[in-house]
Structure formats: C-alpha cells, structure tokens
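Structure first, then comments.
The values are calculated or read from the model by the stated rules, or taken from the named source; none is laboratory data. The shown structure was predicted, so the numbers you read here are calculated from the model rather than taken from an experiment. No Cβ is skipped: glycine too gets one built from the backbone with ideal geometry, and neighbour counts run over all protein chains shown. These area figures cover heavy atoms from the full protein model, side chains too; ligands, DNA and RNA do not enter into them. Shrake-Rupley method; radii C 1.70, N 1.55, O 1.52, S 1.80 Å.
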Amino acid sequence: MSEAGFQLDSRLAGDCGVIGDLPLSRVLLMNDSRYDWLILVPRRAGVVELIDLDADAYAALSGEIRLVSEAVRRHAAPLKLNVAALGNMVRQLHVHIIARREGDAAWPGPVWGAGLIEPHDKDALAQVCARWRLALGLPG
C-alpha cells in the first residue's frame, strides 16, 4: 500500500517506540510502562479520520486492528481492551489498542491524563518493542 508523503506525527514519534510495520500501518508502543498500549498509524499522508481512507484501506485497517487486538489479548491477558481513534491532540489518524486491568493506574477511567507517565528506559523500551514485534510476527 502506498506510503508516498507519509510522515509520522512528531508527537507520536516522541511519545512512542516503533514496533514495526504491518501492510498498512506502522505499529507503535506508547512509552508508558503502566500499560500494554499499542498504536496503529496508517502510512497514508494527510489522513485524519477513518472515513478519509478509501474502502480497501479502511478494510485493511479493520483487519490490522483485529490482528493487534488479538495479540494484545493473547500476550497481555487484559480484563478489557480499549480501542479508540480520538485524534483531539494529534490529528494524524491513529488507533489506540490498550490492555486494561482492574486496578491499573487509571481504572476504570480513561488512560489519558491519568497520573504521570512512567516511561521505560531506553533498553527496556527496545526490549518491550522486540517482544511485541515477535508477538505480531513482524521481522526484527
């Protein structure tokens, strides 16, 4: 699928580690050790809303959301999966897939703005990204 003109938003780039690429989306890990929090970003320039994707890309993103959600369920064993495409702070289309557990730092409320982020150190971030890469069957 076309990547012409795609550039990852600087806020996503600064807040996340890169896990790898699926056919349509770049898979990121939110750098907050309190959660298993993956983000899909379709590699399409200028896409803000789900409805900005053509029908084929929309279907592909839906499949990737399912693939990543299944991996998160399998490997993180959450009580609940939160899947959301908000875009109020970062306009570039991106989809959050967050493993939620009773008693996590924000439970039962939303993760956004709940307490202070607890980032991984550089080595731990690389290790967690590698673990998710393996769980998703992506090349290392």
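Helix 122-135 axis versus longest C-alpha principal axis of the chain: approximately 60°, rounded to the nearest ten. Please check which bits of region 126-140 a label hung off Ala77 would reach, taking the label as a point 7 Å along Cα-to-C-beta and the cut-off as backbone N under 18 Å. It comes to 132, 135, nothing else. For the chain, the longest principal axis of the Cα atoms and the long axis of helix 55-76 meet at an angle of about 20 degrees. Seen from Glu102, the other residues with C-beta closer than 15 Å to its C-beta sum to a net charge of +2, counting Lys and Arg as +1 and Asp and Glu as -1.
Is the C-alpha gyration tensor of region 97-140 telling us rounded, prolate or oblate? Criteria: a/c under 1.5 is rounded; beyond that, a/b larger than b/c is prolate, otherwise oblate. Taking the square roots of the gyration eigenvalues as a ≥ b ≥ c, region 97-140 is oblate. If you plug the beta carbon distance of Trp112 and Leu138 into 1/(1 + (r/R0)^6) with R0 = 30 Å, you get a FRET efficiency near 0.65. With K and R counted +1 and D and E -1, the other residues having a Cβ less than 13 Å from that of Gly17 yield a net charge of -1. The figure for Lys80 is an accessible area of roughly 110 square angstrom, using a 1.4 Å probe on the protein chains alone. Other residues lying with their Cβ under 13 Å from the Cβ of Arg43 contribute a combined charge of -2, Lys and Arg counting +1, Asp and Glu -1. Here the dipole of the chain is about 260 debye; that uses its Cα centre as origin and unit charges on the Cβ of Lys and Arg (positive) and Asp and Glu (negative). Of the solvent-accessible surface of region 25-68, computed with a 1.4 Å probe and all protein chains present, 51% belongs to carbon and sulfur.
What whole-number value in Å² describes the accessible area per residue of the chain for a 1.4 Å probe? It would help to have the intermediate numbers written out before the result.
Working: 7740 Å² over 140 residues.
Per residue, the chain has an accessible area of 55 Å².
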